[in-house]
1. Which value in deg cm²/dmol, rounded to the nearest 500, describes the helix-derived mean residue ellipticity at 222 nm for the chain, given -39,500 (n - 2.57) per DSSP H run of n ≥ 4 and division by the residue count?
2. Mind ranking 23-33, 40-50 by how tightly packed they are, going by the mean number of other C-beta atoms within 10 angstrom, highest first?
3. Compute the angle between helix 3-25 and the longest alpha-carbon principal axis of the chain, please, reported from 0 to 90 degrees and rounded to the nearest 10.
4. Evaluate E = 1/(1 + (r/R0)^6) for Leu21 and Lys60, where r is the Cβ-Cβ distance and R0 equals 35 Å; express this FRET efficiency to the nearest 0.05.
5. Cα axis of helix 39-60 to longest principal axis of the chain: angle in degrees, 0 to 90, nearest 10?
Amino acid sequence: MKPFTRIAVIVFSIVSLLHFLRLVFQWQIVFNGIVVPLWLSLIGFLMAGLLAFMLYREAKGPGKIDIR
C-alpha cells in the first residue's frame, strides 16, 4: 500500500471512530451558537468508515486480503 493511501485510510478511520464515540457518549458540539445534532455524526460515522474501507480494499486489489 502506498504511503499516502495508508495515511488516508488512517485519517478516515480516526474520523469515523470520533463520530462513533460522539454517538456513544452523546458529546454535544456547539458551532457558532448552534447545537450540531447527533444524527449528523451517524452520517459522518458511516461515510468516513465506508470511505476508509473502500480505499483499503482498492489499495489491496482484488482477492488480496492483508492486515499488516
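1. Working: 2 runs with 45 residues, N = 68.
That calculation yields -23000 deg cm²/dmol at 222 nm.
2. On the way: 23-33: 9.1, 40-50: 15.3.
The most tightly packed comes first, giving 40-50, 23-33.
3. Approximately 30 degrees, to the nearest ten.
4. On the way: r = 27 Å, r/R0 = 0.77.
Using R0 = 35 Å, I get an efficiency of 0.85.
5. On a 0 to 90 degree scale, this one is about 10.
A short reminder: the numbers here are calculations on the coordinates, not readings from a lab. As the structure is a prediction and not an experimental result, all values here were calculated from the model. In this analysis, Cβ positions are derived from the backbone assuming ideal geometry, glycine residues included, and neighbour counts consider all displayed protein chains.
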